[in-house]
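Single-structure report; data block below.
Just so it is clear, none of the values below were taken in a lab; they were calculated from the coordinates. For clarity, every value in this text was computed on a predicted model and none was experimentally measured. Don't worry about glycine lacking a Cβ; one is built from the backbone with ideal geometry, like all the others, and counts go over all protein chains shown.
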Amino acid sequence: MKRNLTLMLCISFLQSFVFYGPIATLYRQSRGIGINEIFIIEAIFLVTVLLFEIPWGVLADKIGYKKTLAAANLVFLLSKLVFFISDSFLMFSLERVLLAIAVSGLSGCDSALIYESLGQRNAQKFFGRYYSLGALGFVAASVTGSWMAAYSYDLTVILTIFFYLLAAILTLFLTEPVHEQKEAEGFIRRFRECLVVLKAKRFLVYIAILSGILGVIGQAMVFLNQLQFHRAGINVVHFGMIIAALELMRMAASKTHILTQRLGERFVLVGATLAVGVFYLILSYTDSPFPTIAAMAVILSCLAILQPLIQDILNRSIRSNRATLLSIFSWMGSVMGILLNPIVGHLSDVSVRMVFASLGILAVFTAIGFFIPKLSEN
């Protein structure tokens, strides 16, 4: 299964090259979409993810990971094509619906195929490398895309489409893990089997919910970093390079397995989450450039370290219906996002200090929460 692992690394790398990322909002505005409409479209995206997340997981366990990934990546590519031709609210909504369908199809299925192909060996190490390559590609695309955008917004989208086409083609060369090719079962039966597993291993539900909270805490940084830069007196001309440099902190994910081997999983899980909380609290008090950038670097590094560890914990406790269960966990994370994001948005309108302090406190309580469950069960 070594070929699967190599291909998945390449696919992750190629799909991180979103050249229009630095000007995504400007691109939409140039096509006649306002800010309020963008947020409405994002709400449509989240609802679509919730609707398709679990059915995709069931389908993956039924027809196989390779076919599911191929179908999802084809829809992913189609969403980029629609993005390029969109010039109205309806078309941009269609693009986000297609993207949501693709993302919910890939979610869980990619890590399930990786875990089965690894044979449960060195999962944290590989997941770390997997996420790190994605961060590296995004940084390269952001720097290149910013330069290309000065000449043409359309060019950034066209080049992104080309990279996603290559990723979709590579998906066709994946090999289905033999022991996952099982007799087809109905949706209801498979879902009931998953509920039995969740009832027996409630710690998985707990870990998934806490992971969803961490996802909200991490995503908030994407939307709030520029507000903090402005509060810290950083010139807007430096935003792009700082964001690109901070994105490199996500490559810390490649060191997760080393930390867990030396310090233990629970220590890393609790310690990294607690560090996120502490440095969010520091952000809430500082208005100076260097402490701001340093705090953000620590937060992003710790979140990157946590991602492969949590994926390993969830995967190794699953014996069957892996994609379905991982999709259920991802669905739980999406629910946490829908519940918490409006609160984060409201606090952001009130005060940047307040939202950072609130996220810091939430992260501290999440760290405490990781003391409660067992990290694995036989």
More than 19 Å apart: what percent of Cα pairs in the range 59-117 qualify? 34
Given the options 112, 100, 150, which has the most mean-square fluctuation in a GNM of the chain, springs set between C-alpha atoms less than 10 angstrom apart? 150
Listed residue (21, 206, 72) projecting farthest to the positive dipole end of the chain, Cβ model: 206
Say we join alpha carbon atoms closer than 10 Å with springs in a Gaussian network model of the chain; which of 87, 349, 61 then has the biggest fluctuation? 349
When the chain is treated as a Gaussian network with springs between alpha carbons less than 10 Å apart, the largest mean-square fluctuation among 351, 334, 301 is found at 351
Charge dipole (debye, nearest 20) of the chain; +1 at Cβ of Lys and Arg, -1 at Cβ of Asp and Glu: 1020
What are the principal axis extents of the Cα atoms in the range 244-339, in Å, biggest first? 51, 36, 24
Listing 331, 56, 147 by rising number of other beta-carbon atoms within 10 angstrom, fewest first, gives 147, 331, 56
With 10 angstrom as the radius, rank 126, 290 by how many other C-beta atoms surround their C-beta, starting from the fewest. 290, 126
How large is the dipole of the range 195-369 about the Cα centre if only Lys and Arg carry +1 and Asp and Glu carry -1, each at its Cβ, rounded to the nearest 20 debye? 680
Debye, to nearest 20: dipole size of the range 50-123, +1 on Lys, Arg Cβ, -1 on Asp, Glu Cβ: 180
What list do you get for 194, 10 if you sort them by fewest beta carbons within 10 Å? 10, 194
Return a single number: how many Lys pairs in the chain, at a sequence separation of 8 or more or on separate chains, have alpha-carbon atoms below 24 angstrom apart. 21
So if I average 1/r over every pair of distinct C-alpha atoms in the range 195-369 and take the inverse, what Kirkwood radius in Å does that give? 16.9
Summing -39500 (n - 2.57) over every DSSP H run of at least 4 residues in the chain and dividing by its residue count gives a helix-only mean residue ellipticity at 222 nm, to the nearest 500 deg cm²/dmol, of -27500 deg cm²/dmol
Restricting to Cα pairs below 8 Å that are 6+ residues apart, what does the relative contact order work out to for the range 2-184? Please round to a whole percent. 47
